There are 2 protein chains.
Amino acid sequence: MPRPDHLQFGALVHGSGGHIAGWRHPRANPDGELDIDFHVRLARLLEDAGFTALFVADVVAVWGHQLDSLHRTTRADYLEPITLLAALAPQTSRIGLVATATTSYNEPYNLARKFASLDHISGGRAGWNVVTSVVPLEAANFGRAEHFGHAERYARAAEFVDVVKGLWDSNADGALIRDKASGVYIDPARRFHLDHRGEHFTVAGPLNLARPPQGHPVLFQAGASPTGRAFAARVGEVIFTAPVSVAEAVDYRTRLDADVTAAGRDPGDVRVWPILTPIVADTDAEAAEILAELGSLIHDDVLRRLVQDNFGDEDFSDLDLDEPLPDFGTATNRSQSRRAGLLALARGEQLTLRQLALRFSARADTVGAATTVADRIAAVWATGAVDGFNVSFPYLPEQAERFTAEVLPILADRGLFRPPTGTTLREQLGLERAA
Amino acid sequence: MPRPDHLQFGALVHGSGGHIAGWRHPRANPDGELDIDFHVRLARLLEDAGFTALFVADVVAVWGHQLDSLHRTTRADYLEPITLLAALAPQTSRIGLVATATTSYNEPYNLARKFASLDHISGGRAGWNVVTSVVPLEAANFGRAEHFGHAERYARAAEFVDVVKGLWDSNADGALIRDKASGVYIDPARRFHLDHRGEHFTVAGPLNLARPPQGHPVLFQAGASPTGRAFAARVGEVIFTAPVSVAEAVDYRTRLDADVTAAGRDPGDVRVWPILTPIVADTDAEAAEILAELGSLIHDDVLRRLVQDNFGDEDFSDLDLDEPLPDFGTATNRSQSRRAGLLALARGEQLTLRQLALRFSARADTVGAATTVADRIAAVWATGAVDGFNVSFPYLPEQAERFTAEVLPILADRGLFRPPTGTTLREQLGLERAA
Ligand SMILES: Cc1cc2nc3c(=O)[nH]c(=O)nc-3n(C[C@H](O)[C@H](O)[C@H](O)COP(=O)(O)O)c2cc1C
Ligand SMILES: Cc1cc2nc3c(=O)[nH]c(=O)nc-3n(C[C@H](O)[C@H](O)[C@H](O)COP(=O)(O)O)c2cc1C
């Protein structure tokens, strides 16, 4: 299907903000994460403003290896995504509900049920961000010394997704008859055993739940390495990216479209949403001050960890924050793309560890008055490389309030944005229902 | 703590009723299972009437081995319990939310998070019905030819529960500080690695979520065999039972109290809730008619399967429904207690397969006018063997409406029932918070 001719927005769900020190900002709500009423209010604000989806990131461990710096961040304490989104479902009416879940530490039958249940409960608004897990501590919560290797993770993920789709399809549309007179509740001719026997999973099926309203909940993916991008090209419907420049975003889109075509799919069936971390204030100068203030609220231990945890296996504890990053290689079993991006950034501009961490903690490219932020968004949209943005508000609720009240109306006036139409998430994204 | 001096009630969550043909009753809602609005209305009705908890049963497969008869029942199509209860949490304010989850086909880290999340979202109303799985088809959805053996299932369950409790405790009470000034979000001295290394599980921890409001969500259990009862005695706080007679209920309580004491716990800390399947009508005769009508709505294939699926591994397809049950032995890897109960019933009264199936499909002991049902409940309560009942309404919403409007007021007038006080489920049950 053709891509929508206007921008769409998803929002990362945070309790107090996406910036690592966002919770400390004077106008942030530090207690939001476990406060379901706070999540409901924010979900409704974003839904009313025309956001297409809420997206909950997830890691099945505390989000970083060492407890030394972690206790200074919100990344050690968050609700399980599907549970949270299920609670939001009856409190909202249109916005999509996208939960992250890993294929490395779940069983396909359990996940297929959960997403199908969320899709039924929400009337067809569920999405699944398929990840393979990268944070080292996750493995240790599931009896493993370390994650499966990078290639094996993705091979497993590919089979996992096939099984889940097979389970969703193990009850055909219209299987639920519920005819009191004949006593037939489900049409046995529309229910199938799956009998999947693969390299990683053996699953009989059928699923114990009618086909989801969307056929298949929408699949989100964020593969960035060549293996990850090939996987995204095969199964992803909305791709999250984190490009460090517009040039990189354009390059990613070109490669992805080629990969999607090579996988036998139509590039028109895939949406790309890079991350956006806007700071909106009355003037550009005030917004820049907020960004600097957020940076100053990051403890030195956290700055060091920010780079180290996203980099690889080296120990950074003896490195001086105000010296340039030493010359490390690119190989890692962690996120290859993230390490490579950090290395390129550090070398290209001869950044110190502190400067690199500050860069990494916040993108400075959409910081300004509402018109500045809108201009920037419009410029990226004009490249044709993106279909929307995955917005992470640095601190909450203020930045969500300002973005929806000030930036979206400007984009709407320029004809670049309008609230989505359709009831299911799939319809809102302009994506075909799975046959 | 002392047991409450009055009755408490939990309700099984069903979309159209707990009787196997309940959905076909003329006044049943056949479409309730996937209708979240229906679940919300029913939850509020029960909460307002003073029910203590909602309980969602679960099997991780279609609920019966053969699709031949299953398509005539609702047991092939239901929402995943935690997802459903999370959706109900913000729509209710006081009632407990008890989800079934199996220790055989889950990972402790994932379940610990889900129940902790549900407990946070609901303000301390979560409960976990710990099961080890008995329906054969479940194994095949998780790469196994058959379930772990009966003893191994329970050994695994015991370790599983220990790990989950350890994860809940891996953040001490008050660990969440969220102090903007000092930048300390979580007190590192109140967060612990678990480093569990056991026979079945290796789990590092800590959990990525603050300790649940209840400390530990309440543990429900329904072990019935000696092994199952020993497990219930060690970890169960509310025990579901399905006695076939009052004598059996009294006997179970006596044995359980002894087991609980032997396990080093106080019998006052354990509640016993047998199942109750009331049919309330204007007169006893009318209620009996409804029961007969429900029986007549069960297809012969379903009658046969009802016994076979709860019995063991024998094939019943050639058995005549109107002949007495052949003389089978008691050994099985399925639910031993259930098989033994069925066998005893069939032999004791020389029942045909049809009669046995009809008995099994509905208990006839609380069928009548509201006073009859209240009398019967009062008589069981008077034995001291029970603390409340786990109510399965045969068809919905009518029987829930009649029970709450007609039976509960009689019990309240007699001083046997009053709505629970307290905010958390644990408080409502009169159970101590885990230290
Ligand atoms: C916007 C965005 C959000 C992501 N969210 C998660 C997440 O919630 N959990 C997770 O384990 N990984 C997450 N990732 C990581 C990706 O799943 C993936 O592992 C990463 O982009 C590295 O790609 P690669 O595996 O192809 O090297 C996210 C990535 C991006 C760009
Ligand atoms: C009221 C009640 C509800 C039960 N609910 C479930 C359930 O939802 N899922 C399940 O797998 N088993 C369920 N069971 C089965 C028990 O967990 C247990 O396996 C059964 O009572 C047999 O006990 P045994 O394992 O000690 O032989 C339930 C049992 C009772 C009495």
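Can you list the copy-to-copy distances for B:ARG44, using a point 7 angstrom from Cα toward Cβ, in nanometres, shortest first?
For B:ARG44, the other copies' label points sit at 1.5 nm, shortest first.
With each run of n ≥ 4 DSSP H residues scored as -39500 (n - 2.57), what mean residue ellipticity at 222 nm is computed for chain B after dividing by its residue count and rounding to the nearest 500 deg cm²/dmol?
One gets -11000 deg cm²/dmol as the mean residue ellipticity at 222 nm.
Measuring with a 1.4 Å probe in the full set of protein chains, what accessible area per residue, in whole Å², belongs to region A:179-237?
That works out to 35 Å² per residue.
Could you calculate, for chain B, the ratio of the Cα radius of gyration to the Kirkwood radius, expressed as Rg to Rh?
Answer for chain B: 0.96.
Expressed in whole Å with the largest first, what are the equivalent ellipsoid semi-axes of region B:368-416 derived from the C-alpha gyration tensor as the square root of 5 times each eigenvalue?
Working from the Cα gyration tensor, I get semi-axes of 19, 13, 9 Å.
Mind checking Rg over Rh on region B:290-360, alpha carbons, Kirkwood formula for Rh?
That ratio equals 0.95.
Sorted from largest down, give the three principal axis spans of the alpha carbons of region A:1-117, whole angstrom values.
So the extents along the principal axes, rounded to whole Å, are 48, 39, 28.
Mind checking the dipole of chain A: about its Cα centre, +1 per Lys or Arg Cβ, -1 per Asp or Glu Cβ, Debye to the nearest 20?
About 1420 debye.
For A:ASP251 and A:GLU146, what is the calculated FRET efficiency with R₀ set at 45 Å and r taken between the beta-carbons, to the nearest 0.05?
The value I calculate is 0.90.
Measuring from a point 7 Å past the Cα of A:ASP266 along Cα-to-C-beta, which residues in region A:1-23 have an amide N at less than 18 Å?
Correct set: A:1-6.
If you place +1 on the Cβ of every Lys and Arg, -1 on the Cβ of every Asp and Glu, and leave all else neutral, what size is the dipole of region A:75-167 about its Cα centre, to the nearest 20 Debye?
260
Hey, what's region B:59-148 come to in accessible area per residue, 1.4 Å probe, Å²?
Per residue, region B:59-148 has an accessible area of 20 Å².
Can you give me the solvent accessible area of A:ASP309 with a 1.4 Å probe, rounded to the nearest 10 Å²?
The accessible area comes out at roughly 40 Å².
Mind checking the alpha-carbon convex hull of region A:59-178 and giving the volume per residue in Å³?
Convex hull volume per residue, Cα atoms: 120 Å³.
Using C-alpha positions alone, give me the convex hull volume of the protein assembly as shown per residue in cubic angstrom.
Taking the convex hull of the Cα positions in the protein assembly as shown, it is 156 Å³ per residue.
Given the C-alpha centroids of region B:370-420 and region A:378-431, what is the distance between them in whole angstrom?
54
Grab the alpha carbons of region A:104-149, take their convex hull, and tell me the volume per residue in Å³.
Hull volume normalised by residue count: 84 Å³.
Lysines within cross-link reach of A:LYS165: Cα-Cα under 21 Å, excluding same-chain residues under 8 positions apart?
A:LYS114
Counting only residues 5 or more places away or on other chains, whose amide H sits under 5 Å from the amide H of A:LEU7 once H atoms are built in the peptide plane?
So A:LEU7 has HN proximity to A:PHE417, A:ARG418.
Please get the size of the charge dipole for region A:290-360, origin at its Cα centre, with Cβ charges of +1 on Lys and Arg and -1 on Asp and Glu, quoted in debye to the nearest 20.
Rounded to the nearest 20 debye, it is 420 debye.
May I ask you to give the percent of accessible area on chain B that is carbon plus sulfur, with a probe radius of 1.4 Å?
Summing carbon and sulfur atoms, their accessible area is 51 percent of the total for chain B.
Compute the label-point distances linking B:ASP318 to its equivalents in the other copies; points lie 7 Å from Cα along Cα→Cβ; give nm, one decimal, shortest first.
Sorted ascending, the copy-to-copy spacings read 7.9 nm.
Find, among the residues of chain B, the one whose Cβ sits nearest the axis of the rotation taking B to A; state the distance in whole Å.
Looking at chain B's Cβ atoms against the axis toward A, the nearest is B:ALA86, 2.
Compute the distance from the alpha-carbon center of region A:200-233 to that of region B:183-222, in whole Å.
The two parts, judged by their Cα centres, are 30 Å apart.
Roughly how much of B:GLU33 is accessible, in Å² to the nearest 10, using a 1.4 Å probe?
The accessible area of B:GLU33 comes to roughly 20 Å².
From the label point of A:ALA292, set 7 Å along Cα to the beta carbon, how far off in nm is each other copy's matching point, shortest first?
The projected label point of A:ALA292 is separated from its counterparts by 8.8 nm.
Need the C-alpha centroid separation for region A:129-149 versus region B:159-181, integer Å.
Value for the Cα centre distance between the two parts: 21 Å.
Which distance in nm do the two modelled labels at B:ALA378 and A:ALA378 give, with both placed 7 Å along the Cα-to-Cβ direction?
7.8
For the protein assembly as shown, what is the percent of antiparallel DSSP beta bridges, rounded to the nearest 5?
Of those bridges, close to 15 percent are antiparallel.
Which value in nm describes the separation of the simple spin-label points at B:ASP35 and A:GLU314, placed 7 Å from the Cα toward the beta carbon?
Placing both labels 7 Å beyond Cα along the Cβ direction yields 6.2 nm.
Give me the accessible area per residue for region A:259-314, probe 1.4 Å, as a whole number in Å².
38
Using a 1.4 Å probe on protein heavy atoms, which residues of region B:120-159 have at least 50 Å² less accessible area in the complex than alone?
Output list: B:ILE121, B:ASN141, B:PHE142.
Given bins 5 angstrom wide, list per bin the percent of all Cα-Cα distances in region B:134-221, short to long.
3, 13, 17, 16, 15, 13, 10, 6, 4, 2, 1, 0
Net charge near B:ARG44, counting Lys/Arg +1 and Asp/Glu -1 over other residues with Cβ under 15 Å of its Cβ?
-2
Among bridges DSSP assigns within chain B, what percent are antiparallel (round to 5)?
Around 15 percent of the beta bridges assigned by DSSP in chain B are antiparallel ones.
Between chains B and A, what is the buried accessible area in Å², counting both sides, with a 1.4 Å probe and ligands, DNA and RNA left out, to the nearest 100?
6400
Per q in 0.26, 0.28 1/Å, what log10 I(q)/I(0) does a Debye calculation on the alpha-carbon atoms of region A:1-69 return?
These q points yield log10 I(q)/I(0) values of -1.28, -1.34.
The values are calculated or read from the model by the stated rules, or taken from the named source; none is laboratory data. The model shown is predicted, which means the values in this text are computed figures rather than measured ones. Quick reminder, even Gly has a Cβ in these numbers, built from the backbone with ideal geometry, and neighbours come from all protein chains shown. With ligands, DNA and RNA removed, areas are computed over all heavy atoms of the protein, side chains included. Shrake-Rupley method; radii C 1.70, N 1.55, O 1.52, S 1.80 Å.
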